[in-house]
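What follows is a single structure, written as structure tokens, with notes after it.
What follows is calculated from the coordinates using simple rules that are stated; it is not laboratory data. Fair warning: this is a prediction, and the values are worked out from it, not measured in the lab. Virtual Cβ from ideal backbone geometry, glycine too; neighbours counted across all protein chains shown.
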Amino acid sequence: MAQLRELLIETGIPAERVPYGFLLPLVQGCLAAPYRFNRRRVRRATAFREFLSVALDGTVVARSQDLVVLDLACGPLELERGVMLRPMTASEHQDLCSSRVGAGGLFVAFGPFPWDQNVLNIAVEYSRRESGEVGDPGQSPRLLSERRLAVLASLVLVSAGRVDVEHLGAGNNYDLTHYAIARHFELRAFAGGNTRYVLTRKLAKRLKKAWPRLREILGSESHYLRLPALRLLDGASRDRADDAIVDYSIGLEALLTAGARDELSYRLALRGAHILTWDGGNRKQRFNELRDFYNVRSSIVHGSKIPQADLEGARSVGESALRAIWWWCFDQEADGLKRATQIVDERILS
């Protein structure tokens, strides 16, 4: 250990960080896997490999883990190296139950085990030398949060249905090992309603094919498709229908009104109806649905009382329209919102 300490200091790691930031995590890594569920499994090879990587190459591995409740009909899905959605095993389920009972909490079965309970594992690497500081606390959590947000938003984008997510924790393998972005035992529905979310092989194939661009879009503050995607995610997680409708309307406005200040309802309904019937369909019906949706939105922001049935109907229309219009813009591969809007207007005028 003394020799390891000296070698780490020679690589530029501050001496005060060596014992608890690197040597202790190495011992822990030899005794347990980095993931909460796999505490009983010995992962010495992984621990030493990652230790040498961070000490010699300056590469830190940050990990995040979530419990995701949905029907993973496609089987394990690897979107990229380090991003995996897979079914929870029986031993993991038992371990989770034990950890909650041991903590004095109540364990609730989230769905028919094991078909609906899955684990989302995310691992990202970053260079401590690029950040100028070992385990830069501002970089690792950001990278993990961005990747996690991209996965959750992508699930909501590819299909409707209820997705419950419980964040189980996150941290680095070395230095700031015990840092956690968030940790709580609360399920949150990221896709609304009681409809079962089923990730079929067809949807999984579409998701994996689109993933590189989805990750790029959702990680870019300036991309015009990012805000509508996040509003779809936000709206799907709302308990109240009126809150969801406002989220969906913001997303639709961002895609369909292009900075206009007047006749928003008409512009949104006209452009939206053309996109939704791009390959055929009842355009007048779509126009009326979107116009009525926006009228409900206007009533909400002006404080009017609206029947619950109308709210639920508008919520359904807004969610499905925003999802479909978002994918139309995605598939056009237009150079920015201005060009996408121009394509729609040319169809309207033709």
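Between His93 and Thr277, how high is the FRET efficiency from 1/(1 + (r/R0)^6) when r is the Cβ-Cβ distance and R₀ = 35 Å? Nearest 0.05.
After rounding, the FRET efficiency stands at 0.15.
Using a Förster distance of 35 angstrom, determine the FRET efficiency expected from the C-beta separation of Tyr266 and Asp239, and round it to 0.05.
0.65
What is the local net charge at Arg196, summed over the other residues whose Cβ is closer than 14 Å to its Cβ (Lys, Arg +1; Asp, Glu -1)?
In short, -2.
Summarise the long-distance tail of P(r) for the stretch 223-349 by giving the % of C-alpha pairs beyond 18 Å.
Across the stretch 223-349, Cα pairs with separations above 18 Å total 48 percent.
What number comes out for the charge environment of Leu85, summing +1 per Lys or Arg and -1 per Asp or Glu over other residues with Cβ under 15 Å away? Show your work: numbers first, answer last.
Values: positive: Arg63, Arg81, Arg86, Arg147, Arg148, Arg201, Lys205, Arg206, Lys208, Arg215; negative: Asp66, Asp71, Glu78, Glu80, Glu92, Asp116, Asp164, Glu166.
Overall, the nearby charge balance is +2.
Quick one: if you stick a label point 7 Å off each Cα along the C-beta vector at Glu346 and Val198, how many nm between them?
So the two model labels end up 3.9 nm from each other.
Distance in nm between label sites at Leu149 and Arg86, each 7 Å beyond Cα in the beta-carbon direction?
Label at Leu149, label at Arg86, 2.8 nm between them.
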